[in-house]
Amino acid sequence: MATGNKVQTYQAEYSQAAYRHTNGILTPTICLKNITDQDGNLVADHMWFNYSNNFRKLGELHTDDKLTFRASVRVYHKGHGYSKADYKLTDPKSVQLLTERPYVPVPNDKKLLIGYILIKNHMHLKEKSREKGDYAQEYMNWALQKYKEMTSKKAI
């Protein structure tokens, strides 16, 4: 991958959503797989991104959904002591869903999104943390309200 500020177009498939812990703070993340550049060359078998609004606006994603986005390449250091240089795509923009499907919203609120991820991955059944249980319950309340809003609009 060439580095620099040059922004390029990439295609990928959705793999999964999760979250990471950093100094006690939970951050929603999204994993894309089979990432190719605009010439069809495989750039990465998978890569993790923050689950930003650029991804959230697509609504609920399903495994193997096809996406396109624009991003630039940056060098970062990984491993114990950050000794190994590697490359990542940063600041994904112009994210579009290529797979056609009905739109199902996901929450914009970070806590609700973590609740969504917990439920989608069945982690709410394994997690012992009360805080994470609250996230899952708050998401369920949000989802029920969204469902009611969507069905009441259809009835009109």
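The values are calculated or read from the model by the stated rules, or taken from the named source; none is laboratory data. None of these values were measured; they are calculated from a predicted model. Here the Cβ is made from the backbone with ideal geometry for all residues, glycine too, and neighbour counts use every protein chain on show. Side chains are part of the model used for accessible areas, which takes the heavy atoms of the whole protein and leaves out ligands, DNA and RNA. Shrake-Rupley method; radii C 1.70, N 1.55, O 1.52, S 1.80 Å.
See the values below:
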| quantity | calculated |
| --- | --- |
| Student exercise, the chain dipole from Lys, Arg, Asp, Glu Cβ charges, in Debye to nearest 20 | 360 |
| Rounded tilt (10° steps) of 130-155 against the dominant C-alpha axis of the chain | 70 |
| Accessible-area composition of region 27-156, carbon plus sulfur, in percent [1.4 Å probe] | 50 |
| Tail fraction, Cα-Cα pairs, region 25-156, threshold 22 Å, whole percent | 49 |
| Of Lys66/Lys120; Lys33/Lys120; Lys110/Lys146; Lys78/Lys132; Lys66/Lys88, pairs whose Cα-Cα distance is over 22 Å | Lys78/Lys132 |
| Euclidean distance between Cα centres, region 73-116 to region 38-67, Å | 7 |
| Over the chain: helical MRE at 222 nm, DSSP H runs n ≥ 4 each giving -39500 (n - 2.57), nearest 500 | -8500 deg cm²/dmol |
| Angle between the chain longest axis and helix 110-120 axis [Cα atoms, degrees, rounded to 10] | 80 |
